[in-house]
1. Pairs please, first residue from segment D:404-417 and within 22 Å of D:Ile210 (Cβ to Cβ) and more than 10 Å from chain B (Cβ to nearest Cβ), second anywhere and near ligand 1 (Cβ under 6 Å from one of its atoms) and part of a strand (DSSP E or B), Cβ atoms under 8 Å, 6+ apart in sequence or on different chains.
2. Do we find that B:Val209 is farther than 20 Å from B:Asp75 by Cα, buried (at least 24 other Cβ atoms within 10 Å of the Cβ), in contact (Cβ under 8 Å) with a residue 40 or more places away in the chain and in contact with a Ser or Thr (Cβ under 7 Å, 6 or more places away or on another chain) in this structure?
3. If I ask for residues that are surrounded by fewer than 22 Cβ atoms within 10 Å (Cβ to Cβ) and assigned to a loop (DSSP other than H, G, I, E, B), which ones from segment D:219-229 would you list?
4. Which of the residues belonging to segment D:373-394 are closer than 26 Å to D:Phe28 by Cα and either within 25 Å of the chain's Cα centre (by Cα) or facing chain B (nearest Cβ under 9 Å) (or both)?
5. Going through segment A:166-183 one residue at a time, which ones are on the phi > 0 side of the Ramachandran plot and not aliphatic (A, V, I, L, M)?
6. Being away from chain A (no Cβ under 11 Å) and of a type in the set (A, V, I, L, M, F, W, C) is the filter here, so list the residues in segment B:269-291 that pass it.
7. Taking only pairs six or more apart or across chains, which ones have beta-carbon atoms under 9 Å, a first residue in segment D:42-58 that is touching a residue at least 60 places away in the same chain (Cβ under 8 Å) and in the same structural domain as D:Pro243 (by TED's automatic domain parsing), and a second residue that is within 16 Å of ligand 4 (Cβ to nearest atom) and hydrophobic (A, V, I, L, M, F, W, C)?
8. Within segment D:305-327, track down each residue that is in a strand (DSSP E or B), modelled with pLDDT of 90 or more and either in contact with a helix residue (DSSP H, G or I) (Cβ under 9 Å, 6 or more places away or on another chain) or under 25 Å from D:Val461 (Cβ atoms) (or both).
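The values are calculated or read from the model by the stated rules, or taken from the named source; none is laboratory data. Predicted, not measured: the structure shown is a model, and the values here were computed from it. Virtual Cβ from ideal backbone geometry, glycine too; neighbours counted across all protein chains shown.
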Amino acid sequence: MADLAAAPPRAQHGWSIGWGDAGPFLALAALVLIGFLINPDFLSANNIANVVTRSAFIGIIAIGATFVISSGGLDLSVGSMAAFITGVMILVMNWAAPSVGTAAIPLGMAVALVTGIACGLLNGTIVTIGRIEPFIATLGTMGIFRALITYMTDGGTVAIDRSLRDAYRPVYFGDVLGVPIPILVSLAVALVAAYVLYRTRYGRRCVAVGANEDVARYSGISVARVRTMAFVIQGACVAIAAICYVPRLGAATPTTGLLWELQVITAVVIGGTALRGGRGRVWGTVAGAVILEFIANLMVLSDFVSEYLVAAVQGVIIIIAMLIQRMSKR
Amino acid sequence: MADLAAAPPRAQHGWSIGWGDAGPFLALAALVLIGFLINPDFLSANNIANVVTRSAFIGIIAIGATFVISSGGLDLSVGSMAAFITGVMILVMNWAAPSVGTAAIPLGMAVALVTGIACGLLNGTIVTIGRIEPFIATLGTMGIFRALITYMTDGGTVAIDRSLRDAYRPVYFGDVLGVPIPILVSLAVALVAAYVLYRTRYGRRCVAVGANEDVARYSGISVARVRTMAFVIQGACVAIAAICYVPRLGAATPTTGLLWELQVITAVVIGGTALRGGRGRVWGTVAGAVILEFIANLMVLSDFVSEYLVAAVQGVIIIIAMLIQRMSKR
Amino acid sequence: AEKKTIAVSIPAADHGWTAGVVYHANAAAKEINKAFPDLEVIVKTSPSASAQVSAIEDLSATRKLDALVILPHSSEELTTPVKTIKEKGSFITVVDRGLNDPNIQDLYVAGDNIAVGFNTAKFLVEKMGGKGNLVVLRGIPTVIDDERIKGFQDGIKGSDLKILDIQYANWNSDEAFKLMQDYLAKYPQIDAVWANDDDMLLGVLEAIKQSGRKDIKFALGGNGMKEIIEKVMAGDAMTPVETPYPPSMIKTAIYLTAAHFAGHAPVRGSLKLDAPLITKANAAEYHFPDSPF
Amino acid sequence: MSGASLALAPAGDTAEPVLRAEHLAKEFSGVRVLSDVSLDIRAGEIHAVIGENGAGKSTLMRLLSGYLKPSEGALFMDGAPVDFHAPADAQAAGIALVHQEILLADALTVTENIFIGREIARFGRLDERAMREAAAAQLAEIGCKVSPTALVRDISLANRQLVQIAKALLGTRRVVIFDEPTAVLTHDEVDPLLDIIVELKQRGVAILYISHRLDEVERLADRVTVLRDGRMVGTYDAQGLTPHRMASLMVGREFASLYPARQDPARLAGGDAAPALEIENAHVPGFVREVSLTLHKGEILGLAGMIGAGRTELFEGLLGLRPASFGAVRLHGELAAFRSPAHAAELGIGYLTEDRKGKGLLLEERLAPNLTLAALDRVHPAAGLDLAREAQLLDRAVASYDIRLRSREAKAGQLSGGNQQKLLLAKVMLNEPSVLIIDEPTRGIDIANKSQIYAFIHALVREGRSCIVISSEMQELIGLCDRILVMRAGRINGELAGEAMTESNVALCATSSATNENISGRTSDG
Ligand SMILES: Nc1ncnc2c1ncn2[C@@H]1O[C@H](COP(=O)(O)OP(=O)(O)OP(=O)(O)O)[C@@H](O)[C@H]1O
Ligand SMILES: Nc1ncnc2c1ncn2[C@@H]1O[C@H](COP(=O)(O)OP(=O)(O)OP(=O)(O)O)[C@@H](O)[C@H]1O
Ligand SMILES: [Mg+2]
Ligand SMILES: [Mg+2]
């Protein structure tokens, strides 16, 4: 009766995706099937490439959010942080372009990364040292970042310098062996993130802090440091997303990134990460981001939904995707 | 046992507000003081009445949210639910007005209440029976309600029938002994809510479910029923807010209630309710709603904030208010 | 003949004016699809600039677009994507907000945002004898908002009209109501109010009515909302004029584009809709009782 | 002092103590729960700390291991003063604490929990295998059979306790503090654990040991410190200190007998009492198979078994708390199916969970709401709360269960472990169930209060109620019950009554694959 005496060993999460974590992928498969039935063009290579490439932004940000959320936090500021970082980056590049030419691009990228990390640090510090509910803290910084970009652009738009535009374009529109660069970037980010979350001390502690703060603290983990670090990772991911994003739209406006936070959190949760912390799923998050983008795509490709009802149908599909995800776990 | 008598009896929370719960009121007092220093007009009876009256909507909805949040849920759909209920109500009133005259107003109110309760029931059912994370479930219904109102109004505005406008106007603009009616309504709602949350079996169960679902279940509480009920209360509160809201502008538009959910949750959290459930503070929520409205008011009344930076200053003030609230607890 | 596809990409109905755009676009699509069996008009709405970029990408990835009628969320962000569509051989009609590169468009139908601000300002300067205190409500930080404000500021230049305060109210009547209440609390003497959109004007009027203040002589908006036009027609003292910025321009654009295919002559060029003052005399021309806007 | 007749242990006669506390005191928001406690622990010594529930034992242990900061007093390690700012400091100094309350992260695996904060990594990459193997080895050493990759949420309470012990033992330790490590363990798990503790001692580790099982204290301890009401009674040489004497020192008066007098044997022999609860052919997937049992009116039925026997799951299944199927369930002769705990409570079944922290009490809530939570409809017949009545009920519960508390407004989590258990019992009893199922009734309860609870259970059945007691303490079952069912691996493996209820018979049934008939035969032999 040894079989009853010990609980069955669970599949280790990590590189290999266990059955219990297949939910988001099943939901994705269901969606793709439905999409195909509605409009066969849905599966055209071109369309798939477009959609997946687009999902890269939300995907990369959501990978960062996977850390924040699995450590028991929440970051509502990501959308306006993205706008802010984009704005700073474009201003720096435009300022440097006349003197250094296209070298302004790597400079801008570096500045973006530093800005992102600083923003993340700010969020993390307010949450951990100020001991303020992350929801409120990041709602506050959401207003702050949004206001800063509005201020920087005088309520208007900052566009990237024409001289840089063509040099920078490939970052979004280019490809390597046919695979669009944003997809490669987000795969790289996901790989690194999965390694950090599943294969390093930090990742372990991040999840532990989210699972039970007391246990983590009593085990000698500096909860504040781990949490802050998660926000910093989030900031860095937002910066990377912004770097890929700039060539697509070529400008930062006060409405850039509006409501992304909701999409990001949705992607994370659909991906199987627990919103109350203690469980993070990097690949699930990636699938979640793709799902969201596919839903939007499907709305455009299908013709029988009144334009007024698009939001409703999207809402219903998200709930159904979540149901599929939940069901596969039981 | 001997020192039992020595221990000072702590104030029961509930009707009387104990010191430990004074945080939001201290923050409010600090804000009023700062406001007065910046612009003495801030304390003019007229301004105070305006601001407090305005806070009534968010306040009433946030009182409902206090139930949802203290039971461990979250409702992101309140803003679009408010728009939806407003729309339904106006359509019903306009339809009935030609035949029944001003009797259409109570009819509309009744329909609004029923609609609100039905919307709450929908949210509650998806969360409890579908077992879907409230964040995602209500994000979905948020899209649904918003789309329905857009659909019903053809994307435009539905204005209340001219014949009803004057009869209905006093519900927002009227007063009893100088106290504006929305203030009276929200006080009444708060009193009832405080009674329900602190002085009834349901209130006990609601908080217990939020504090520890397992304990609640083992104590013979039907977790699903209690949670669903919290969403229904939320729906009813949104309906009451909508009923007070209609006469203000006399129309439902696609922007009605936009982003109210964030304000509502902020008010609840500033008021001292724990976002992870298990602790609800009705009067704190009311104070939180007033605080938010005062902050917005202060932004306009003070002269030294660039219009571009208003959101940033608001963010900072919210964080500071939260710090005051936290500090008073230690 | 082969069926021609005309795609229409517009912002989602997120406030009164855009709702009007959606209404008119849908109406045009229905009428044209019925009247011209060889044409298919499909309307897609997008809630943000990036969603709009996605939407036109999706449309062009999955079918051949003979024409694209676009009302861009923002000029900067949509220039490159629309250019890509153009390079695939589509006929491009741009509505309202110009793209950064005017060479992209085959047809341009637009209102004049600067004129909306400028004409309103000129009216106030004239009626108020060149002096007085103003408060202004602006919308969501975007180009349109910026242009209107700029036009207005140019219009009052040289006069003694003074802008006491200017704040964002996000083209939302609720927020405008609150903002106006606060303006009223802050300034004991306000001679005129300008809300750069009629949605906001509704809130402003309600707040003024509630306050019972008599110092405000004018409260003006812009866009040509049905309710406001009705006021003008009725000879309202506080809102005697209005500037049009009709959402129906999308319908005009769709029809012109359809004419390019259905008609016998190519249609090209640009059509700038004026923003003349609407007064009691000509208000009836701008009144569409069936439109939701 | 009552201990005057006993030899007070001479202090400091051997080597310098590893850890020494001087004049420790602790206040919680002005309420003093510990005053002037001094003690020392030497290398290679087992130092037991005993005292009634709420005496301050756990508080003392938290002070010694950096979880709490003393209000007064000082700590010394190897003679040098130390000041722990966080548990991590104490751990770095080689002090480990096994908590009385389980402190593990549910959502993580056993291995992850054991290595939180000190993960093994090579070149920054976690070495899962090394950790898994080390965890497995440590678990095996203390006789825990749970898989290192199981999620903590899926393993039983007893196994969680063992995991917690494994976590504390791993690594280099100079002082290990055990706060009631055996409270949730059964006979068979206790023995290997005690062996480990002795072995640790022989390796020169200094051990502090808290337990309400005084026989264990007698068996292990070299010295015993007794606390009463937050003060030291004294430190005694364990030699010649009997459990009975320890109990007297703890309560400060002569201590009588533990178990109340037996029930009327005539009634039990007759066996014609009406059945109160009959369960036929119960299945709880993964835990219980083909279990049938009958509880008679006025009977105390014991349920014995090792960890994982499925006793808890059987009754959780019965109440609708987990999926289960039944051939038939009859309550007082009538067919019944309990849809939910609420429904069961309505029909008169009370269930006291073994997991008081996770499923029993709202730790952040005050006492009165906790007390009435399961009986709201009964306590407050109108929808509105009757707070006066509630206060009365709390007073009555405090009196009749002897709940020691400092303030009536305290939160449940601020009560000592034993007093929480008493509050939980009071909570379940408030529904006045006709059939009471108690899972581990005296877990963490001191000896004086145990006898109170036993007396209480007896009073219940005398009123005509019936009671099922699930317990890991064989003596408790034998002393308390009229009849004992022994479960093993999800089945009932034997039934013992009367004279046959001996420790060896229970242990045999619980471990061997002997069939019911075998045991029955044995029963009639006895
Ligand atoms: N955090 C706290 N706040 C207030 N009082 C507390 C707190 N922790 C413990 N106490 C009080 O301190 C006293 C001692 O508690 P402690 O847990 O040390 O007892 P114990 O001897 O371990 O009892 P048991 O045998 O029941 O575990 C109790 O009266 C308890 O209510
Ligand atoms: N979710 C689960 N999945 C797999 N195995 C589990 C799960 N939960 C518990 N187990 C295992 O099932 C067995 C039975 O659990 P448990 O120990 O609670 O039974 P019990 O007879 O009530 O024991 P106790 O004597 O401690 O009360 C345990 O060995 C446990 O490890
Ligand atoms: Mg204890
Ligand atoms: Mg058990």
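1. Here the result reads D:Gln414/D:Phe28, each pair linking segment D:404-417 to a residue that is near ligand 1 (Cβ under 6 Å from one of its atoms) and part of a strand (DSSP E or B).
2. So B:Val209 does not fit the description; no.
3. D:Asp222, D:Asp229
4. D:Leu394, the sole residue that qualifies.
5. Taking segment A:166-183 as the starting set, the residues that turn out to be on the phi > 0 side of the Ramachandran plot are A:177-178.
Result: A:Gly178, single match.
6. B:Val282, B:Trp283, B:Val286, B:Ala287, B:Ala289, B:Val290, B:Ile291
7. none
8. The initial filter retains those residues of segment D:305-327 that are in a strand (DSSP E or B), namely D:305, D:325-327.
Those left that are additionally modelled with pLDDT of 90 or more: D:325-327.
Of everything in segment D:305-327, those that are in a strand (DSSP E or B), modelled with pLDDT of 90 or more and either in contact with a helix residue (DSSP H, G or I) (Cβ under 9 Å, 6 or more places away or on another chain) or under 25 Å from D:Val461 (Cβ atoms) (or both) turn out to be D:Ser325, D:Phe326.
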